[in-house]
Amino acid sequence: MDERGINKLTAQEIGGAAANSFLSGLYCAESVLLALAEARGTRSEMIPNIATGFCSGMGRTCGTCGALTGAILGIGLALGRSAAGESVEPAYKAVRRLIAEFEEKFGARDCHLLLGCDLGTPEGQAVFREKGLRDRCAEFTGKAAEIAARIIAEIESEH
């Protein structure tokens, strides 16, 4: 993928596509993986299904932000290995950079820390609605996809 991606989208456009998917009803991990996959020309009935359990901080367990885990899945799609003898380092390098940049931008990686509420509880879900945190999640979603797309392009250009 060159700097404009396989379908000639910039990282920012891929981020925008992910945020729009989120605002249209898909959740964070689903939206990021879908945007990254489509930018590569990858289409499958399994996408975004395989990302659903990662949404809302890993199924509302206060885990890693779904936008971040969706981006990690997208990195695996682009840079992951398909045989035991292949190197994991391109994917691992990209994941480390993604996490570092996401944490630098937002100050955390876990859903409950980013949102200030536990989506696994009715009270946390009420806070999410009352504070309008859906827009914040759209921001996480777009930025995670954008960062991942940029990193993927950079690493692929090195090889």
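Throughout, read-outs are computed from the coordinates displayed, never taken from laboratory work. Computed from a predicted structure; not experimentally measured. Positions of Cβ are backbone-derived with ideal geometry, glycine not excepted, and every protein chain shown enters the neighbour counts.
Take the alpha-carbon positions of segment 92-150, form their convex hull, and give its projected area averaged over all directions (one quarter of the hull surface) in nm².
One quarter of the hull surface, i.e. the mean projection, equals 4.1 nm².
In what sequence, highest mean first, do 16-24, 70-78, 102-110 appear when ranked by Cβ atoms within 10 angstrom? Intermediate results must be reported in sequence, preceding the final value.
Working: 16-24: 21.3, 70-78: 25.4, 102-110: 14.9.
By packing density, highest mean first, the sequence is 70-78, 16-24, 102-110.
Round to the nearest 0.05 the FRET efficiency obtained for residue 61 and residue 136 when R0 = 25 Å and r is the Cβ-Cβ distance.
0.85
If you place +1 on the Cβ of every Lys and Arg and -1 on the Cβ of every Asp and Glu, how big does the dipole about the Cα centre of the chain come out, in debye to the nearest 20?
That gives the chain a dipole magnitude of about 160 debye.
Sticking with the crude label model, points 7 Å out along Cα→Cβ, report the distance from residue 12 to residue 123 in nm, one decimal please.
Label-label distance for residue 12 and residue 123, simple model: 4.2 nm.
Return 112, 159 ranked ascending by Cβ neighbour count within 10 Å, so the fewest neighbours appear first.
Starting with the residue having the fewest Cβ neighbours, the order is 159, 112.
I'd like the GluC sites (Glu not before Pro) in segment 1-99 restricted to DSSP loop residues with at most 13 other Cβ atoms within 10 Å, sorted by number.
Answer by residue number: 3, 45, 86.
Between segment 20-35 and segment 99-145, what is the C-alpha centre distance in whole Å?
14
Taking neighbour counts of Cβ atoms within 10 Å as a proxy for exposure, in what order, fewest first, do 127, 88, 95 appear?
So the ranking, lowest neighbour count to highest, is 88, 127, 95.
What residues qualify as long-range amide H neighbours of residue 65, i.e. H under 5 Å apart, gap of 5 or more or another chain, H built at 1.01 Å from N?
Long-range HN contacts for residue 65: 110, 111.
Scan segment 38-82 for trypsin sites (Lys or Arg not before Pro) in coil per DSSP, keeping those whose Cβ has at most 15 other Cβ atoms within 10 Å, and list them by number.
Counting only loop positions with at most 15 other Cβ atoms within 10 Å, the trypsin sites (Lys or Arg not before Pro) in segment 38-82 are 43, 81.
Can you tell me what percent of all Cα-Cα pairs in segment 11-158 are more than 20 Å apart?
43
Could you give me the ³J(HN,Hα) list for segment 33-50, computed from phi with Karplus coefficients 6.51, -1.76, 1.60 and θ = phi - 60°, whole Hz, x at Gly and Pro?
4, 4, 4, 5, 5, 5, 5, 8, x, 8, 10, 7, 5, 6, 9, x, 3, 5
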